[in-house]
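Quick notes on the structure that follows.
The values are calculated or read from the model by the stated rules, or taken from the named source; none is laboratory data. This structure is a prediction, so every number in the text was calculated from the model and none was measured. So basically every Cβ, Gly included, is an ideal-geometry build from the backbone, and we count neighbours across all protein chains shown.
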Amino acid sequence: MAGSLLSYLDIVRDNRDQLDAQIQHGELKPVFLWHLTLFTILPVSALVIPRRQSTRYVRPFVLVLIFILALEAIRHRRALLGANGYMVGLVVAWWFIWSATLLVFHDVEKEFLRVERKARTTVDVTSKRSTQNGYARMDSGLKGAKPKEQQYTESLIWQPYPRSLSKRLNWSLGLLLNMRGPEWNWRISSMGPLPPFVESQLKSGPPSQYPRGASKVTASYPGAGTRIRTVAFDCLKYYLLLDVIKVLMMQDSYFLGVTSPPPPPPFLLNQILPHGAEYIYRFLMTALGLYTSVTFVTLFNPLIFLGLSLLFPNAARSITATPLDAPWLYSDMFGPFLVPVLDHGLAGAWGIWWHQIFRFGFTSTAHWILSLLPKQLSTNSRFRRLLMTFVAFALSGFIHACGSYTQLSDTNPLSGTFLFFVLQFVGVTIQEFLSYVVVPALLHKYTGKPRKTRLPRWLRRSANAGFVFGWLWLTAGLIMDDFAAGGLWLTEPLPVSPLRGLGFVEREGWWCWNTSWFQYWDGGSYWERGIRVM
């Protein structure tokens, strides 16, 4: 255990020293806070300028500037904060795709609408709670009314592109920072439909061009107080689970970056696991680590915005017309796991269960590509589905490969990460071809049954589950090894570790964030001076 910990501490320290040395020698450049500011200001400034005959080239021009900045950042800028540099490439690559979605692929002035409050009203209710602006206001902290006691008296409307500059700025900033579109007319389908009382109020406004979830899906939205309590409990649960995962990974050299050849598992696991089972263990640990990390981080969205809007309702209303205290804005990041996998196979695992943060950007890119193709191809349903699936996995592979590329350690962005996502497209295509072409043809040939005859449900579900886990087991090593080799798991996700504080890791204490996140840096020139992201 001591040797493993020593290696862990040495690797973290060596990575920091190596990055500092490369920056000092001019081989790499630091990431500054002004990069984050500039990447936000550029698309917002383009969005607030109405598209007219004289300004029709503003948004494409700004997108070119964003591309130049993104390319320079991916090639030269490095920071250890964010999974040993992984987030530098991933966020920058995604931000370019997202900017292209809003600036070029769509006309936001004609296509996009946002749910906003129409007017302020105050109504007294018999339950001795006051309802303000259509949402139950709590008399003491986060103690809210039960869902059945809530009275939605506020009128909600679809707000198109505003005319006044101040409202346009708020509207554009909200659009830029809402990648799943919970309050927009392009709200992604995996979030479920809007509540019926919201839909009924919005029917009187402009029609939406985008489906807001399948109409056959029945969504249940708890009250704001119930939702915030659930989120707080989940946050604590995943915090403790992350601590367990981190401590276990600290004992395994594989997760410290030693991937070739794969090292033996930790001593205790080596005594328990049968020979060759370490791959399954590391596969499960990687999947659990990713799922837990993404879930934990995204829980802060409702915890902060819903929580603060409930504690300070007047301040929330003064900042934005969006009903931040509405629980239907904060759907779970992941969908159900078992039913999508059993009923839809690999496509269900990726398209329904896994997080859909990037979904609208990917589908918008695919639709834009389709608009450039001949009508005979773009209107063919099978070709459209095939292209949209390929674009989604290719872009996902691209942004994750960029994250792999910007890590300080040696990685395989193309032959590892990118290939993994392309193979998921291959897997989805193979499974659907087998399910809808090969199996019906074989049934028709050997049983004489019509081609539309389906296998028994239990057999279809068993085959789907077997294919999903089999395909992921065969291909996961590509991205697992790249994650580990790049130092993704060297990240300190938690400020305080209960397990390390209780002595489960030698020479470690409760506090884990022992290095600074930011530091002033002066590289000599104006553009190389500022607050550096470490």
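Inside the stretch 482-534, can you point out the residues that are in contact with a helix residue (DSSP H, G or I) (Cβ under 7 Å, 6 or more places away or on another chain), assigned to a loop (DSSP other than H, G, I, E, B) and under 25 Å from Phe283 (Cα atoms)? Across the stretch 482-534, the qualifying residues are Gly487, Pro493, Leu494, Ser497, Phe504, Val505.
Taken as a whole, the stretch 63-73 holds no residue that is loosely packed, with under 13 Cβ neighbours inside 10 Å and acidic (Asp, Glu). Remark: pairs (first residue in the stretch 284-297, surrounded by fewer than 16 Cβ atoms within 10 Å (Cβ to Cβ); second residue in a helix (DSSP H, G or I); Cβ separation under 7 Å; 6+ apart in sequence or on different chains) = Leu288/Ile245. The residue that is surrounded by the fewest Cβ atoms within 10 Å (Cβ to Cβ), counting only those in the stretch 74-99 that are in contact with a strand residue (DSSP E or B) (Cβ under 6 Å, 6 or more places away or on another chain) and among the small types (Gly, Ala, Ser), is Ala79.
The set of residues in the stretch 299-342 being touching a Cys at 6+ places or on another chain (Cβ under 8 Å) and buried (at least 20 other Cβ atoms within 10 Å of the Cβ) consists of Leu299 alone.
Residue pairs whose Cβ atoms lie under 7 Å apart, sitting 6 or more positions apart in sequence or on different chains, and linking a residue in the stretch 423-452 that is touching a residue at least 40 places away in the same chain (Cβ under 8 Å) to a partner that is among the aromatic types (Phe, Trp, Tyr) and not in a loop (DSSP other than H, G, I, E, B), are Gln424/Trp350; Gln424/Phe393; Gly427/Trp471; Gln431/Phe467. Restricting attention to the stretch 457-481, the residues that are touching a helix residue (DSSP H, G or I) at 6+ places or on another chain (Cβ under 6 Å) and under 16 Å from Leu419 (Cα atoms) add up to 6.
To keep it simple, each residue is scored yes or no on (1) of a type outside the set (A, V, I, L, M, F, W, C); (2) in the same structural domain as Glu278 (by TED's automatic domain parsing); (3) at pLDDT 95 or above; (4) surrounded by fewer than 16 Cβ atoms within 10 Å (Cβ to Cβ).
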{"position": "Arg454", "(1), (2), (3), (4)": "yes, no, no, yes"}
{"position": "Asn464", "(1), (2), (3), (4)": "yes, no, yes, no"}
{"position": "Leu472", "(1), (2), (3), (4)": "no, no, yes, no"}
{"position": "Ala484", "(1), (2), (3), (4)": "no, no, yes, no"}
{"position": "Arg500", "(1), (2), (3), (4)": "yes, no, no, no"}
{"position": "Gly509", "(1), (2), (3), (4)": "yes, no, no, yes"}
{"position": "Asn514", "(1), (2), (3), (4)": "yes, no, no, yes"}
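Sub-8 Å Cβ pairs linking a first residue in the stretch 11-39 that is closer than 30 Å to Gln251 by Cα to a second residue that is part of a helix (DSSP H, G or I), at least 6 apart or interchain, are Ile11/Leu256; Ile11/Leu490; Val12/Leu490; Asn15/Leu490, ordered by first then second residue. Taking the numbered list (1) more than 30 Å from Thr515 (Cβ to Cβ); (2) modelled with pLDDT of 90 or more in turn, Gly448 passes all entries but (2). Screening the candidates Leu372, Leu408 for the property of being in contact (Cβ under 8 Å) with a residue 12 or more places away in the chain, more than 19 Å from the chain's Cα centre (by Cα) and within 28 Å of Gly89 (Cβ to Cβ) yields one hit, Leu408. Within the stretch 65-79, is there a residue that is under 26 Å from Gly181 (Cβ atoms), in contact with a Pro (Cβ under 9 Å, 6 or more places away or on another chain) and not charged (D, E, K, R)? There is at least one residue in the stretch 65-79 that is under 26 Å from Gly181 (Cβ atoms), in contact with a Pro (Cβ under 9 Å, 6 or more places away or on another chain) and not charged (D, E, K, R). Look at (1) in a loop (DSSP other than H, G, I, E, B); (2) touching a strand residue (DSSP E or B) at 6+ places or on another chain (Cβ under 7 Å); (3) modelled with pLDDT of 70 or more and you find that Gly205 fails only one, number (3).
Somewhere in the stretch 170-179, is a residue in contact with a Gly (Cβ under 9 Å, 6 or more places away or on another chain) and either at pLDDT 50 or above or surrounded by fewer than 14 Cβ atoms within 10 Å (Cβ to Cβ) (or both)?
Initially, the stretch 170-179 is screened for residues in contact with a Gly (Cβ under 9 Å, 6 or more places away or on another chain), giving 175, 179.
Narrowing further to those that are either at pLDDT 50 or above or surrounded by fewer than 14 Cβ atoms within 10 Å (Cβ to Cβ) (or both): 175, 179.
Yes - at least one qualifying residue is present in the stretch 170-179.
The condition (being more than 25 Å from the chain's Cα centre (by Cα) and either in a helix (DSSP H, G or I) or of a type in the set (Ser, Thr, Tyr) (or both)) is satisfied by just one residue among Ser45, Ser54: Ser54. Among the residues of the stretch 236-284, those identified as aromatic (Phe, Trp, Tyr) and under 17 Å from Val496 (Cβ atoms) are Tyr238, Tyr239. Of all residues in the stretch 153-187, those being in a loop (DSSP other than H, G, I, E, B) and not hydroxyl-bearing (Ser, Thr, Tyr) number 14. Close Cβ contacts (under 8 Å, 6 or more residues apart or on different chains) running from residues in the stretch 54-81 that are farther than 15 Å from Val31 by Cα to residues that are at pLDDT below 95 comprise Val58/Arg51; Arg59/Arg51.
Comparison of Glu111, Glu116 shows that the only residue that is touching a strand residue (DSSP E or B) at 6+ places or on another chain (Cβ under 9 Å), within 30 Å of Gln201 (Cα to Cα) and of a type in the set (Asp, Glu) is Glu116. Number of residues in the stretch 311-364 that are outside any helix (DSSP H, G or I), in contact (Cβ under 8 Å) with a residue 24 or more places away in the chain and within 23 Å of Pro195 (Cα to Cα) equals 14.
Here is a check on your reading of the model: is Leu443 touching a Ser or Thr at 6+ places or on another chain (Cβ under 8 Å) and either modelled with pLDDT of 90 or more or part of a helix (DSSP H, G or I) (or both)? Yes.
For the stretch 374-420, the set of residues classified as hydrophobic (A, V, I, L, M, F, W, C) and modelled with pLDDT under 95 consists of Leu377, Leu408, listed by residue number.
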